[in-house]
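The values are calculated or read from the model by the stated rules, or taken from the named source; none is laboratory data. Computed from a prediction, not measured in an experiment: that's the story for all the values here. When we count neighbours, we look across all protein chains shown, and the Cβ atoms used for this are built from the backbone with ideal geometry, even at glycine.
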Amino acid sequence: MTKAHDHAIGIDIGGTGMKAGIVDLRAGTMASDRVRIPTPAGATPPDMLEVAKQLVEMLGEDAAGLPIGVCFPAIVKDGVTLSAANVSDDWIGLDADGLFGDALGRDIHFVNDADAAGLAELKFGAAHGQPGLTIVTTLGTGIGSAFLFDGKLVPNSELGHLEWKGDSIEKWASASAREREDISWEEWGGRLQEFYAHVEFLFSPDLLIVGGGVSKNPDKFLPYITTRAPLVTAEHRNNAGIIGAAGLVLT
Ligand code: BGC
């Protein structure tokens, strides 16, 4: 039997899939199988809320009454979603904590997806115990970022929207841009090199962590990138959002 104080549910909302699991908050590990449902077309708040309810049901009896952390691909401030890069514009300015909390009848904590991944690395991964500034970047549909300074998250850094050639740099350097344009790993590595050089120039981090699904193949693109700070892969990949979001219920 799980208990509210050492387990929580994490829900990871993405542009293509919504995933959930029960997390052991002490160990920072999954305490259930991961369940997944494709993101409904249009990605509107009511449709995604329905999917969130189904995901919690799929987790079964052990999930009953557990608090929930939700990570979301947008700026999130005080439980309100403030942008919408790959989801419906209806999320902009929405009290997401309130909407989901009322419908699911329990405490809900929304957080930006990259910030959740950053928290997972901070508590249980490559950023644990790191002094100074660590920047976590997630390479996927967009580019997400998390700033971790002396063990604390500085939320909503949005480095994927640094302007580059008149547009957000994620349109050119994300993992989805590589697939969409069908460019080689070397060419993509060159684009990432420009991204990381720009980030280093602006913020002088002490450590860079690369996350997102693509970080399970580091040999394909890391050899093309040189940075002043060490550049390492995230320890949590597929489950980073779920683990990081669930951990929010402790804060
Ligand atoms: C969003 C960020 C998000 C990132 C990764 C960007 O388009 O603006 O909030 O963290 O994609 O999903």
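The residues of region 73-100 that are surrounded by 17 or more Cβ atoms within 10 Å (Cβ to Cβ), under 15 Å from Pro46 (Cβ atoms) and in contact with a strand residue (DSSP E or B) (Cβ under 6 Å, 6 or more places away or on another chain), listed by number, are Thr81, Trp91, Leu94, Ala96, Phe100.
Picking from residues in region 127-165 that are of a type in the set (A, V, I, L, M, F, W, C) and within 19 Å of Gly10 (Cβ to Cβ), the one that is farthest from the ligand (Cβ to nearest atom) is Ala127.
Restricting attention to region 156-169, the residues that are surrounded by fewer than 18 Cβ atoms within 10 Å (Cβ to Cβ) and in contact with a helix residue (DSSP H, G or I) (Cβ under 8 Å, 6 or more places away or on another chain) total 3.
The sole residue among Gly15, Gly10, Gly21, Gly28 that is buried (at least 19 other Cβ atoms within 10 Å of the Cβ) and at pLDDT below 95 is Gly28. Among the candidates Leu153, Leu133, the residue that is in contact with a Pro (Cβ under 7 Å, 6 or more places away or on another chain), closer than 25 Å to Lys77 by Cβ, at pLDDT 95 or above and buried (at least 17 other Cβ atoms within 10 Å of the Cβ) is uniquely Leu133. Per the listing Leu148, Leu94, Leu82, the residue uniquely at pLDDT 95 or above and closer than 18 Å to Ile243 by Cβ is Leu148. Residue check, Val70 against (1) modelled with pLDDT of 95 or more; (2) of a type in the set (A, V, I, L, M); (3) more than 14 Å from the chain's Cα centre (by Cα), all met but one. Which one? Just one mismatch for Val70, condition (3).
Inspect all residues belonging to region 224-246 and state whether any of them is surrounded by 14 or more Cβ atoms within 10 Å (Cβ to Cβ), under 19 Å from Ala146 (Cα atoms) and in contact with a Cys (Cβ under 6 Å, 6 or more places away or on another chain). The answer is yes, given that some residue of region 224-246 is surrounded by 14 or more Cβ atoms within 10 Å (Cβ to Cβ), under 19 Å from Ala146 (Cα atoms) and in contact with a Cys (Cβ under 6 Å, 6 or more places away or on another chain).
All but one of (1) closer than 23 Å to Glu158 by Cβ; (2) in a strand (DSSP E or B); (3) without any contact (Cβ under 8 Å) to a residue 60 or more places away in the chain hold for Ala84, so report the exception by its number. Result: Ala84 fails condition (2) only. When region 87-110 is limited to residues that are under 23 Å from Ile143 (Cβ atoms) and in a loop (DSSP other than H, G, I, E, B), the one that is nearest to the ligand (Cβ to nearest atom) turns out to be Val87.
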